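The values are calculated or read from the model by the stated rules, or taken from the named source; none is laboratory data. Being a predicted model, the structure only gives us computed values, none of them experimental. In this analysis, Cβ positions are derived from the backbone assuming ideal geometry, glycine residues included, and neighbour counts consider all displayed protein chains.
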Amino acid sequence: MDGLPQNTLGPSGLGRLDRFKGKAVLPMAILSIAWIQELLDQLLFRGRWNLPLEQGGPVWGLFTAPFSHAGFGHLISNSLWFLPLSWLVLLKGGRDYLAVWIGVWLFSIPVWLFWPGGSHGLSGVIYGLLGYLLWIGWLEKRPLSLLLSIGCLLMYGGLLPALVPFLSPVGVSWIGHASGFAGGLLAAWAVQRP
């Protein structure tokens, strides 16, 4: 080790994987907000403290809805999808991850303005992450990016039917999923690399 130059892994002395490790805690920190909200909701408000995105509701619902869930079952399910998809996007870069969140937020505005009914939970962001991962490979046309997109289609393609109203389970906001997915597609387009 002593004979190797200090900068063999890049200008900062860190490899891509080392940079990822520093960012890997970000999704866990985001998820902890949702868990704290749900714990407080269940302990203090008996499950009635929801912070949904609903038509005509307060504008802050655009920002609180991802952190509000309909119980621990809903939150656990979303947690299991959110973490791996977040880490896969973070492998591409922090800018990409931020772009997905911005895209999901932008596409939630029309839902807030025009869609009757409420929506909450991390599933909109989950579908945004999935939309990004499925499309980025085709946009970049690089072997590793294509492999990432194909791998995500094989592993997570079972989530796609929930984008269609008549295939989505009763009580599940397909519009929240579809708007999140569209936000992920927008993010992939915005950050694509030639």
| Which one is nearest to Ser173 (Cα to Cα), of the residues in the range 42-54 that are part of a loop (DSSP other than H, G, I, E, B) and in contact (Cβ under 8 Å) with a residue 60 or more places away in the chain? | Pro52
| said: Given the condition farther than 19 Å from His177 by Cα, touching a Leu at 6+ places or on another chain (Cβ under 7 Å), in contact (Cβ under 8 Å) with a residue 12 or more places away in the chain and assigned to a helix (DSSP H, G or I), answer yes or no: does some residue in the range 56-70 qualify? | reply: no
| query | Restricting the search to the range 92-131, which residues are buried (at least 22 other Cβ atoms within 10 Å of the Cβ) and small (Gly, Ala, Ser)? | reply | Ala99, Gly103, Ser108, Ser119, Gly121, Ser123, Gly124, Gly128, Gly131
| message | Checking Leu53 against (1) surrounded by fewer than 18 Cβ atoms within 10 Å (Cβ to Cβ); (2) at pLDDT below 90: exactly one of these is not met. Which one? | response | (1)
| request: Answer yes or no as to whether Leu39 is surrounded by fewer than 21 Cβ atoms within 10 Å (Cβ to Cβ), assigned to a loop (DSSP other than H, G, I, E, B) and of a type outside the set (Val, Ile, Thr). | output: no
